[in-house]
1. For residues in the range B:178-213 being among the β-branched types (V, I, T) and open to solvent by 70 Å² or more (accessible area, probe 1.4 Å), which is farthest from B:R60 (Cα to Cα)?
2. Would you mind telling me which numbered condition in (1) assigned by TED's automatic domain parsing to the domain that holds A:I196; (2) open to solvent by 10 Å² or more (accessible area, probe 1.4 Å); (3) of a type in the set (A, V, I, L, M, F, W, C) A:I52 fails?
3. List pairs: first residue in the range A:8-26 and over 11 Å from A:I62 (Cα atoms), second residue outside any strand (DSSP E or B) and charged (D, E, K, R) anywhere in the structure, Cβ distance under 6 angstrom, at least six positions apart or on different chains.
4. Name the residues in the range A:60-76 that are over 18 Å from the mean Cα position of the chain (by Cα), away from every other protein chain (no Cβ under 11 Å) and either in contact (Cβ under 8 Å) with a residue 60 or more places away in the chain or surrounded by 14 or more Cβ atoms within 10 Å (Cβ to Cβ) (or both), would you?
5. Does B:T55 meet the test of being of a type in the set (S, T, N, Q) and touching a residue at least 40 places away in the same chain (Cβ under 8 Å)?
6. Kindly indicate whether A:F228 is assigned by TED's automatic domain parsing to the domain that holds A:R39, open to solvent by less than 20 Å² (accessible area, probe 1.4 Å) and modelled with pLDDT under 90.
7. Here is a list: B:S251, B:S219. Which entry is open to solvent by less than 30 Å² (accessible area, probe 1.4 Å), within 14 Å of chain A (Cβ to nearest Cβ) and over 21 Å from B:R63 (Cβ atoms)?
Amino acid sequence: MGEVVLNIEGLVFGHKRPLVSQAVDLSANAGDFICLVGRNGTGKTTMLNTLIGVKKPLGGQISICGVPLGKISAREKSRFISFVPSKVEAVLNMRIRDLIAVGRSPYTNIFDRRTKADNAIIEDFIQKFGLSDIADSMIAEISDGERQKAMICRAMVQQTPVILLDEPTAFLDFFAKRKLLSDLKKIASEENRCIIFSCHDLEIAAKYCSHIWLLDDRKLESVTVDEFLNGGYLSKYQ
Amino acid sequence: MNRSLSYIIRYALIIVALIALAILDVCTGSNKIPLSDIFGYIFGGSDLSVDYQFTIREFRLARLITAMVAGAALSVSGLLMQTVFRNPLAGPYVLGISNGASLGVAVIVLGSGLFLPSSADVSNLAILIAAGVGSAAVLMLILAVSMRVKDILSILIVGILVSGVVASVVNVMQFFSNEVNVKSYVVWTMGSLDSVSFNDSIVLVPVCIVVCAVLYLFSKKLNILLLGEQFAVSMGMNIKWLRVVVFVGVSALTGAVTAFCGPLGFIGLAVPHISRWIFNTSNHFVLIPASMILGAAFLLCGDILSHCLYSQGVLPINAVISILGAPFIIWIVFKNQRTVI
């Protein structure tokens with residue numbers, strides 16, 4: 001069990017009206033691999049957007065490694081939490097290596113000059129993710145799965161303690177989904193990061209995640225995989 | 001091959017092309033002026049008559065500088081609009097800024113018949129001011145919308161609607177105006193690089209360079225924005241603020257160019273695609289300077305052709321650049337289907 005990296009205290013999220021009836025108190029540790037589960041319309045996306053700062057929380061605070069996110073600048077925040085969208089635009093004229101290098105931008109100057117150390121980190125993760133062969137390909141030339149992997153590699157390069165993924169499995173086939181989640185689980189424990197992802201493929205997700213944040217009945221609570229599978233949630237909506 | 005080396009080679013090639021076109025451009029015109037006289041004027045070496053000097057300065061050099069600055073400004077504007085709207089069809093005119101300028105000019109040119117005796121001529125300065133006021137008014141409207149609206153598509157829709165309304169207002173004014181004024185307004189909309197004086201063209205240069213330099217400083221943010229707005233916010237960016245900066249910059253560039261040269265279409269849409277195709281990248285640190293150089297070269301081509309194709313006078317520049325550019329762009333889009341931004 002790693003140390004606590006993410007601490008959510010009294011968080012209320014929503015648009016103008018709160019989406020939860022009671023404030024959310026949750027914490028997550030380094031090495032955790034958490035699946036955010038909720039039916040359409042329960043506020044999963046709003047919750048993710050609140051964590052990455054697209055939405056301001058209606059109340060409460062989120063802190064990472066003891067630093068309250070509301071108190072620091074947006075740029076500093078991007079050194080604590082990184083985000084992987086569910087789909088990357090394939091239309092960009094960009095090489096995979098450049099896409100991954102975007103992960104260093106919270107640390108570079110206005111001209112995006114990378115130091116030797118920055119480049120070493122980038123090359124290191126390209127190797128670790130087995131992307132060396134396609135690092136010089138254009139984004140349009142590789143598959144959705146490889147793009148997804150490159151974006152996750154980009155989040156690793158950003159070196160944030162917390163990584164959020166919005167439906168990472170949405171555009172992948174059955175086998176690619178399983179491969180992705182097992183890879184992510186390995187990354188979470190080996191690199192000691194806290195990874196949180198939203199997902200609709202509950203059966204696959206339950207196999208790999210360490211626990212589940214369940215958003216249901218206007219409540220968000222953390223449950224173990226066993227509690228989730230046996231707790232009546234799955235039968236409730238049949 | 002090393003990537004920065006290949007960029008340097010490509011830059012060198014397009015700069016050489018630009019210089020060649022610039023030399024060709026100063027050699028074209030209704031009178032024959034030898035190149036040696038033009039260089040003689042620039043470097044002050046030879047003793048030319050005052051009239052002759054005037055011709056070189058006010059016709060050839062003014063046109064050359066105007067074409068280069070206008071081409072560069074519109075191309076950078078188009079590039080940034082395509083990025084901010086993340087739409088390959090966007091251009092400097094989607095916000096309706098130049099329609100605002102057109103309205104200002106229409107009020108002056110078409111309305112002059114109502115308020116002034118018919119013999120009075122509308123001065124260039126009045127047209128400039130009218131265009132400036134018109135584009136600033138539309139910019140204010142767009143900024144007010146973009147501070148309230150989160151979705152970029154809504155801003156696009158507002159821009160297109162504003163353009164439509166303004167164009168209709170101009171139509172109504174044309175309907176009630178006399179033939180002479182309608183003709184002079186229509187000629188203005190065809191665009192012209194010839195009506196700018198040397199001193200005015202010199203004013204355009206620093207405006208363009210300063211605005212482009214400021215926008216260049218936002219290249220890193222623009223690169224991240226290409227990956228999506230939600231992602232950009234997660235990387236610590238303030239999207240609304242970036243939009244405001246880009247809109248103000250683009251308005252300054254297109255507003256200034258439109259005021260001096262009329263609404264020059266097509267360049268702002270086409271040149272960013274040519275730059276991406278030549279440099280094979282989406283990186284704004286590369287594309288902004290590339291678009292400036294290529295935009296200047298593109299408009300010089302148009303200018304040279306509009307002077308050469310018709311021996312009795314100058315063809316409207318807008319028509320020439322569209323006829324010249326469209327097939328080229330279609331070809332690039334076909335070659336490059338998968339990567340458009």
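The values are calculated or read from the model by the stated rules, or taken from the named source; none is laboratory data. In this text the structure is predicted, and so the values were computed from the model without any measurement. FYI the Cβ positions are ideal-geometry reconstructions off the backbone, even for glycines, and counts take in every protein chain you see. Each accessible area value is taken on the protein alone, full model and side chains, heavy atoms only, with ligands, DNA and RNA left out. Shrake-Rupley method; radii C 1.70, N 1.55, O 1.52, S 1.80 Å.
1. Across the range B:178-213, the extreme among qualifying residues is B:V180.
2. (2)
3. Correct list of pairs: A:V20/A:R218; A:S21/A:R218.
4. A:G60, A:Q61, A:V67
5. Against the criterion (of a type in the set (S, T, N, Q) and touching a residue at least 40 places away in the same chain (Cβ under 8 Å)), B:T55 does not qualify.
6. Spelling it out, A:F228 is indeed assigned by TED's automatic domain parsing to the domain that holds A:R39, open to solvent by less than 20 Å² (accessible area, probe 1.4 Å) and modelled with pLDDT under 90.
7. Of the residues listed, the single one that is open to solvent by less than 30 Å² (accessible area, probe 1.4 Å), within 14 Å of chain A (Cβ to nearest Cβ) and over 21 Å from B:R63 (Cβ atoms) is B:S219.
For (1) closer than 27 Å to A:I212 by Cβ; (2) open to solvent by less than 50 Å² (accessible area, probe 1.4 Å), each residue gets a yes or a no:
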| site | (1), (2) |
| --- | --- |
| A:P106 | no, yes |
| A:N109 | no, no |
| A:A117 | no, no |
| A:F125 | no, yes |
| A:S132 | no, no |
| A:R178 | yes, no |
